[in-house]
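Here is the structure we will look at.
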Amino acid sequence: MLHYLWLYMHIAFSLAITSAIPVTLSPFKKRRGWGRPVGLRSTCANFPRGGWQDAENDGDIEKSKRLVIVIDVDNTLYSENDLVLSMGEGIESQIVRNTHLFGLLHFNLTTFQCDELHRDYGSTIEGLRHTLPPTLVKGTISRFYEEVYNSIDFSCLLGMSAKECMTQTKSKKVRSGYDHGSALQQRWTSLSESLKSISHKHPVYLASNSPKAHVLRVINSMGLGSVEFAGILTPDMQSKSLKQDEQINHESIYPTKSSPREFYKNILKKHPPISSRIILLDDSMHNLRVAESVGIEGIHINRSSRTLEEGISEAMGHILPPETVDTVPGERFTFSDIEYLNSKNKIDADAINPRVWKQLAQELAFRVQRSSDSVLRIGDLGAGMLFMLEFVLKGGGLNDREKPSMLDLINNYLERNQLLKIEYTAYESNLSLLHGCKERLFRLGFQDDQTNAPDGVLSFKLATSESTYGVDILVHLHLIDFQSEQRALKDLDLLIGCCFADLFDPDQLALSLQRFALGGNPPLVYLPITFAGITHFNPAYQSSPSQRELNQVIPSDTTAFRMYSQSLARHGHNLDPSQIVNKIRNHGGSLISKGSSDWIIDPTLDRHLWETMMYFFGMFGAREMAKNNLDATGWIKQCRQNPRPIVVSNVDLLLHLRAVTHEHYDNDDVVSTCEFVQAAQSQEIRFVAPYNVTTVTKRWNISDINRLTPDQVEVESLCSLISSGTELKIYKGSFDSSSPLDVNIKGMSERLMEYPLTYGYSLVGRVVACGSNVDDAESLVGRLVFTFSPHSSRVVVDRDAIQLVPDGISAEDAVFFPSVETALSLVHDANIRMGENVAVYGQGLIGLLVTSILSMQSPSLTSSSDCFGSVTAFDALDDRLCVSSSLGASSALKPDRAAAAGPFDCSIEVSGNPRALQLAIDHTSNNGRIIVGSWYGNSTVTLKLGIDFHRSNKAIIASQVSTITPTLAALWSKTRRFSYTWALIRSLHPSRLIAKRLPLHEAQQAYELLDKGHEQVICFTYGSNDHAGNSCDGSSS
């Protein structure tokens, strides 16, 4: 849905201005599709009609041609229809009205005759030239320009009428809220930025049959005055360019586009078609056809089929002309609402997370059991073509991704006939989808039922009295945006927003949802297919030298998709689902369940959606690449030459709109007040054998004042983090039993690595008690602290073994302290110099943090075919590579692409796999450095260190966080590194890497998930937070 919005909203601006609410909050308006008129040449030499494969036969001549873009002004640079719809009048409508008046006053022409003149000759000027005596042409056209154009009111381009301009200037009134004028101004700002970026590399001209003074007033009114246009082509400017001794012919007097050889004379001379590709973007088919006769290619700008932004992207080679793409041989490809939703919904059905889906069924069954009328009430806030209704009734997905229907799942938890009725209320403001909605309803067995239906609401009931679904079902379809609903529904059990939540500002979404929480039993909120901010190809490719442009490189897939995400964020997308969860929590809600629901879009099986995604990459990501001097066209071409599945990371969220307190406890869980006062208990995990973890409960008398020694503090845990490296070695028994548990952590240096043992070194909690000798006891109690302690719900440690968490850092971020310090130590030991290219092997937690810190140090830069300062991440797991790209990796690749991506100046090995160490050695440059941060346990490591290594002068450096490297010891103390680690934590917000939160009693499951690679970062939560999905409660204050 995130891509869907920008296809139909940002580009199709004409729909935005007809909306009564802000564009960012109206994600359901769409364009009907786009096409290209037959008869024009393909605009892009790189995009012949046969697709990319035929482009290989075009030769090097087309590749070397310089691109020149020529843009028509009236109804191309701006949309006349947009102006009329938003402001009531446009520019061209005034030109037409003044032209009619001119024809009437001077030649007694009727309106029909004036229009006929324009139609027959392509422009009014050409009509005058061909119908007037030659001696009258020049004077008449001069007078025409003066009388027709001087009185035009340009205030509509400012987003307000002339009267409003005067009123606002006098009162200095400031606008607030959404209005059409603001939307116009936002579009001009976006267009200005785009044209500025393009004009720095390619000549961009404006061309109009109107006089130059008119063109200047248009571009100034649109705020395009700072764009460095290469020139302005107008009839009056072409007349002025005639030399005194130059022979004047009939077409030389105020030449228009209908006389292309004269009109484009200067540009053809400066950019001859033999060495330049001149592309004209114009709304007139006549102008495009005649321009083709002098070697100028054309793109028809028609707001219903091709917008200016699309035309520019096509000219740049970022998107294909429509006729070059076939979803099925012989069938033209077009973007349409119906086809797009159908293709997307098939992927949605496969992607929906089955665990969250089942959890939703349990929650709904519980609500039905408590209801008084056995009715389940559902609201669908972005219904589209009612995909979620069908999914609730019938389930979906293919093969191993198939999910049962919600009805079947709910009934598994209920007694027979306990659920009697479903009321399904759907909101969809895009009227073009109404036919598709009805088709689905009729196919599901519904019929129209407008009995007692409110105005603007279409109601449907099952066609037969004997329901095939076992319950009575009513569907109410509201043809409005849900935020426009004046009567927010109460007593709903569930709100659904499929492919929906990422389109909103999280604050605005949370506030909008609260309107449905006015009843006594706030609904659940189910947000499947919520974009998580990462898109990638499988497999991903590294960067490579450009074959088209000097001093450019084709970006790696990782870099390209990061720029695509940046573009989406700039246009209002939320790329972080945790923000949605946090904002709903701020309003009293809570997260029940969360699971991944990635799209996997196969270029063969899902061609329509794959092509749609390529369109988005070309429209948005390519612009960002071009701004950074990267070969965007080369990247698009590479993607099409080697079509690979597109993976889009999504999550399914299930939330309580307000936190619900369940007062259902087993008798065994109730503790008497007396017993509670006298005793407390804590839990800790214990490794008892390979692959065997258990939970141990301890009890003590909290009234005993001697339970703490004078220098100790007692900490009540909030969360602790599993080390997916060291702890997994202990879990699997891959360690030397004669070694100390940890030589640097007090209390562990004397203990040997042998079962049974407790372990862990990343715990955050609050101080609840202090010993008698703790000087700062009064200020310490209640403070958020970090300690290198095993996983336990309550720990007792020395005062000097805790660190105060700095203000503003949450418990979940603080728990990453050892991991961030380890990553920082590795980066310090690597001693990366500016411009060096680095490889990071292994993208577990430490590898990800190393990648993130390296990416913060300096940006990746390109010069000629070389790349400087790149950070290339390697891992065998796709989900890890996805996260790498979001953290700033220049490339995120599978290990088998190391040879093509290297060699590297420095390689950092943190995978724990000896084969990765071999790759690091093989693909590091001679005289380079290999930093080994892995602990390989008790495994035997075999390396190939032949003659090439012997002669390479490569350095292999073991790195461990326990000590400061001697070369740094004079500058960096442990205290200084600790301080910088906290600063990095504040900047990195590493808690976003947490994949799952589990209570301590599920420790066995946690280590099994990590061992199988199903999850990457797992955090234990304690006390009131010990249920999956909830974050630790606490931040330093």
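A short reminder: the numbers here are calculations on the coordinates, not readings from a lab. On a predicted model such as this, the values are computed, not experimentally measured, just so you know. Note: ideal-geometry Cβ built from the backbone for every residue, glycine included; neighbour counts use all protein chains shown.
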Original post:
Looking at this model, which pairs from K346/K394; K594/K894; K421/K461; K201/K265; K894/K954 are more than 19 angstrom apart at the alpha-carbon?
Top reply: K594/K894; K201/K265; K894/K954
Original post:
Hey, rough spin-label estimate for D807 and A453, points 7 angstrom out along Cα→Cβ, what's it come to in nanometres?
Top reply: 5.9 nm
**OP:** Net charge near F817: determine it from the other residues with C-beta under 14 Å of the C-beta of F817, scoring Lys and Arg +1 and Asp and Glu -1.
**Re:** 0
Original post:
Given just the C-alpha atoms of region 339-656, how large is their convex hull per residue in cubic angstrom?
Top reply: 137 Å³
Subject >> Pairwise FRET efficiency - D948 versus Y755, Cβ, R0 = 45 Å, nearest 0.05 >> reply: 0.55
Original post:
For N582 and F978, FRET efficiency with R0 = 35 Å and r from the beta-carbon atoms, rounded to 0.05?
Top reply: 0.80
Original post:
How far is it, in nm, from the label point at N938 to the one at N628 when both lie 7 Å from their Cα along the line to the Cβ?
Top reply: 4.7 nm
Subject >> Contour excess over end-to-end distance, with Cα ends at A899 and R658 and 0.36 nm allotted per residue >> reply: 81.5 nm
Original post:
What Kirkwood hydrodynamic radius, in Å, does region 819-988 give when the mean of 1/r is taken over all pairs of distinct Cα atoms and then inverted?
Top reply: 16.2 Å
Original post:
Contour minus end-to-end for F366 and Q1004, with contour as 0.36 nm per residue of separation and end-to-end as the Cα-Cα distance?
Top reply: 226.8 nm
Subject >> Cα centre as origin, Lys/Arg/Asp/Glu Cβ charges: region 819-988 dipole, Debye >> reply: 360 debye
Original post:
So which of K583/K627; K403/K996; K729/K996; K358/K732; K269/K637 end up more than 24 Å apart by C-alpha?
Top reply: K583/K627; K358/K732; K269/K637
Original post:
Taking the Cβ-Cβ separation of A970 and K490 as r and a Förster radius of 60 Å, what is the calculated FRET efficiency to the nearest 0.05?
Top reply: 0.30
Subject >> Rounded Å value of the spacing that divides the Cα centres of region 864-920 and region 415-464 >> reply: 52 Å
Subject >> Whole-number D in µm²/s for region 486-645 (Stokes-Einstein; Kirkwood sum over Cα pairs; 25 °C, 0.890 mPa s) >> reply: 137 µm²/s
Original post:
Around W982, what is the net charge, scoring Lys/Arg as +1 and Asp/Glu as -1 over all other residues with Cβ under 15 Å from its Cβ?
Top reply: +1
**OP:** Arrange the following residues from fewest to most other Cβ atoms within 10 Å of their Cβ: S723, S934.
**Re:** S723, S934
Subject >> Stretchable slack from N642 to R143, in nm (0.36 nm times residue separation minus alpha-carbon distance) >> reply: 173.8 nm
**OP:** Evaluate the distance, in nm, between pseudo-label points positioned 7 Å from the Cα of I232 and of D115 along their respective Cα→Cβ axes.
**Re:** 3.0 nm
Original post:
Gap in Å between the Cα centre of region 556-630 and the Cα centre of region 793-852?
Top reply: 27 Å
Original post:
Out of M613, V581, A632, whose Cα points farthest toward the positive end of the dipole of region 573-665 (charges: +1 Lys, Arg; -1 Asp, Glu; placed on Cβ)?
Top reply: A632
Subject >> Contact order relative to length of region 339-656, as percent, for alpha carbon pairs under 8 angstrom and 6 or more apart >> reply: 21 percent
